[in-house]
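Contents: one structure, followed by commentary.
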Amino acid sequence: MERKILFPQISGIMHGGDYNPEQWLDRPDILEEDVRLMKEAGMTSATLGVFSWSAYEPKEGEFHFEWLKEIMDRLYENGIHTVLATPSGARPAWLDQKYPEAMRVDSYGVRYHHGVRHNHCMSAPVYREKVSIILNKLIDAVGDHPGLVMWHISNEFGGECFCPHCVKRFQNYLAEKFDHDIDKLNHAWWTAFWSHTYNDFSQIEPPYSNGECSNMGLTLEWKRFTTWSMTDYMKSEIDILKQRSPQIPVTTNYMKLYPGLDYRVMSKELDVVSWDSYPAFHNDWETFADTMGENAFDHAVMRSMKKDKPFMLMESAPGLVNWHDCNKMKRPGVHRLASLQAVALGSDTVQYFQWRKGRGSFEQYHGAVLDHLGRSDTRIFREVAEVGADLAKLSDLRGTLVKSKVALLFDWDNMWSIDAMRGLSQETKKYPETCIKFYKYLMHFGVDVDVIPSDDPLDGYDVVVAPMLYMLRTGVADSLKAFVKRGGQLLATYVTGYVDENQLNFLGGFPGDGLTELFGVISEEIDSLYPTDCNEVCFTDGSKGQVRDYAEMLRLLDAKTLATYEQDYYGGMPAVTVKDTGSGSAYYVAARLDDETMIRLLGQLLEKAQIPTYHLPEGVEHHTREADGQMFDFYLNCSQQPVEIEAVSGTELLTGEAVSGAYHLKPYGVCIIARK
Ligand code: GLA
Ligand code: ZN
């Protein structure tokens, strides 16, 4: 496949960050200094205009883009390209004063006041009109600027709106979805329960906080609607951009597994996926390697939304943020490690929030490349410049991909339904956490994993892991069956296949939709354990594992038992089973087992599927990017100890050295080995 280079204009991996010159327009000296220092830091891009609406249009209909043009010119003359945001992430005061309907309505039905950001109504016609005007003016001013390489739409879409407009749109959306047949909806949402049957779509209200929050079908569909509505809004901006400046790719920046929007749906409208990564480094609840592991999972989620091209790390903090509970500094070396981790997992950019700290307001203490001190001889500036120098050496990586034979299924829909479900234990459901753990179990073997929605095609994968796949969307069960039939290794767990996509339970045994046959078991009961309860399982080879939180009781059909429970009234009953179909296998893990046991089990699947694994020192990550027969192995030392990597051979890209044999990495050290 041909490499897709996101930014051919830039020779290395893009190095940039949010730049807010509109806060400094009265300080031309600082604006000049910025460009000089950006070059010193090895920056190749700047993200402009994220919150510039009131600088562009200080009064309704009065536009000023001269300053922007001047800055883009100066950046470009100095080899710095522009990622240009559309300014819709926050509104000027005049707009909200004159057009209050542009502001959102909250879940109690109360209209927001002017302030903060990301709080516009997605469907208000007047807001769309105002955005369309400013966008067209912006394109008139700089749409053909030679430095412009990307449109960044709005900023971190999020939230929901309960205004009358949005409610009406919700009702129309539902009418469409259920073929204008209210009985279909009543059945799908099981509304006879508590006598909540609707006669007409106009009776349906969104899940107001003081209204109907008890219907699982409704709450789920509201989430899907909010994604649809946000995407529809985003498309209204994309349409203008694509019409007026089709040559420039578009993105918007995501926030981890932000639970309010299904990013997979939004991504279909984007050219490139980008996201903002702000892990709580050096926290007091997990190891540093665990923090990095979760970040790796997040990168994998983003990467897997568009598997044919790299993604972008749109924001990260050079030193610290200001919104964690405790804003701890990245320790020396960690900035480089985290930046190169993004690249290892398929990002073709390393970008920051923010270039320069502002003097006032909400983010005045948020980390930046340039502090209030304003000098380049600081630790943070030096570390950023070091990253800049590294990224400049990585031209060969541009457009290479992380390819994986292993997929982990993770659905926003499934997250929403597990969250909404009144069952299990509210405290310990932990669906995303469980997916992240499974990803880390696989990372233990140095194996890269795609994190994909359950209804993505499974061709090309040899191992599929589906933790807590509570909801089976249409077609998923068939796709899993076909996967095993063609020789795939599948592992599912407790809480699989309880409901369909409307949250209606399957009848005739879980996992539903025909999966009892695939796994050869029926899950008859599920026991939720208190945090201090535990049970054990014993495998046929005598090894033991610990059970916490959840244990299902299985009725064995034609699966083979690999482990049984040790205690309680289900002692002796199957806890881990497998059913083979040809060379394919369907494993069912009926309980939440300890890490070591799960790593062992997943190791067996990888071995069966003949997936190459790596023997890595504790705390070391391994990832591979590749293209055209060229492989790039990344080793990231996420421990505070020096480590030796066994048997590497090739050229180390950052030093240019030929290497062969053991390779030494210092604490937080990174190497990238190019090999054929
Ligand atoms: C988000 C936003 C930025 C900034 C940073 C702070 O990612 O997009 O504007 O507020 O958070 O970490
Ligand atoms: Zn609204």
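Ordered by packing density, taken as the mean number of other Cβ atoms within 10 Å over each peptide's residues, highest first, how do 657-666, 504-513 rank?
Order by mean packing, descending: 504-513, 657-666.
Find how many whole Å separate the alpha carbon centroid of the range 401-432 from the alpha carbon centroid of the range 602-625.
23 Å
Counting only the backbone N, which residues of the range 306-332 are under 15 Å from the spot 7 Å out from the Cα of W285 toward its beta-carbon?
It comes to 324-328, nothing else.
Net charge near S404: determine it from the other residues with C-beta under 12 Å of the C-beta of S404, scoring Lys and Arg +1 and Asp and Glu -1.
+1
Restricting to DSSP H runs of at least four residues, report the calculated mean residue ellipticity at 222 nm for the chain, -39500 (n - 2.57) per run over all residues, nearest 500 deg cm²/dmol.
-9000 deg cm²/dmol
Suppose every K and R has +1 on its Cβ and every D and E has -1 on its Cβ; what is the size of the dipole of the range 559-651 about the Cα centre, in Debye to the nearest 20?
In total the dipole reaches around 460 debye.
What ranking do 313-323, 192-202 get when scored by the average of other Cβ atoms within 10 Å per residue, highest first?
The densest-packed peptide leads the list: 313-323, 192-202.
Hey, what do the phi angles of the range 213-225 turn into as Karplus ³J(HN,Hα) couplings, whole Hz, using 6.51/-1.76/1.60 and θ = phi - 60°, x for Gly and Pro?
Per residue, the Karplus-derived 3J(HN,Hα) values read 10, 9, 9, 5, x, 5, 4, 5, 5, 5, 5, 5, 5 Hz.
Please work out the C-alpha center-to-center distance from the range 48-89 to the range 320-367 and express it in whole Å.
23 Å
Given a Förster distance of 51 Å, report the FRET efficiency between A192 and D594 from their Cβ-Cβ distance, rounded to the nearest 0.05.
0.75
At 7 Å along the Cα-to-beta-carbon direction for both H114 and Q546, put a label point, then send me their distance in nm to one decimal.
Each label point is offset 7 Å from its Cα along the Cβ direction, giving 5.7 nm.
Only Lys, Arg, Asp and Glu count, each charged at its Cβ (+1, +1, -1, -1), so figure out the dipole size of the chain about its Cα centre, rounded to 20 debye.
So the magnitude is around 900 debye.
May I ask you to order 427-433, 288-294 by the average number of other C-beta atoms within 10 Å around their residues, highest value first?
Packing order, densest peptide first, comes out as 288-294, 427-433.
For the range 542-646, which whole percent of the accessible surface, found with a 1.4 angstrom probe, sits on carbon and sulfur atoms?
47 percent
I'd like the chymotrypsin sites (Phe, Trp or Tyr not before Pro) in the range 360-429 restricted to DSSP loop residues with at most 11 other Cβ atoms within 10 Å, sorted by number.
In loop regions of the range 360-429 (DSSP not H, G, I, E or B), the sparsely surrounded chymotrypsin sites (Phe, Trp or Tyr not before Pro) are F362.
Counting Lys and Arg as +1 and Asp and Glu as -1, each charge on the Cβ, what is the dipole of the range 95-222 about the Cα centre in debye, to the nearest 20?
400 debye
Which ³J(HN,Hα) values in Hz, rounded to whole numbers, follow from the phi angles of the range 538-546 under the Karplus curve 6.51 cos²θ - 1.76 cosθ + 1.60, where θ = phi - 60° and Gly and Pro get x?
10, 7, 4, 8, x, 6, 10, x, 9
Residue separation times 0.36 nm, minus the C-alpha to C-alpha distance between V265 and Y530: what's the value?
Answer, rounded to one decimal: 91.7 nm.
Hey, with R₀ at 25 Å, roughly what FRET efficiency would N327 and D377 work out to, going by the Cβ-Cβ distance, to 0.05?
E between N327 and D377, to the nearest 0.05, is 0.60.
Beyond 21 Å between alpha-carbons counts as too far, so tell me which of K405/K437; K256/K608; K481/K608; K59/K235; K4/K235 fall in that bin.
In this structure, K256/K608; K59/K235; K4/K235 exceed 21 Å between Cα atoms.
Could you state the accessible area per residue of the chain in Å², with a 1.4 Å probe and every protein chain left in place?
Ligands and nucleic acids excluded, the figure is 39 Å² per residue.
The values are calculated or read from the model by the stated rules, or taken from the named source; none is laboratory data. Computed from a predicted model, the values in this text were never measured in an experiment. Virtual Cβ from ideal backbone geometry, glycine too; neighbours counted across all protein chains shown. Surface accessibility is based on the protein's heavy atoms, side chains included, excluding ligands, DNA and RNA. Shrake-Rupley method; radii C 1.70, N 1.55, O 1.52, S 1.80 Å.
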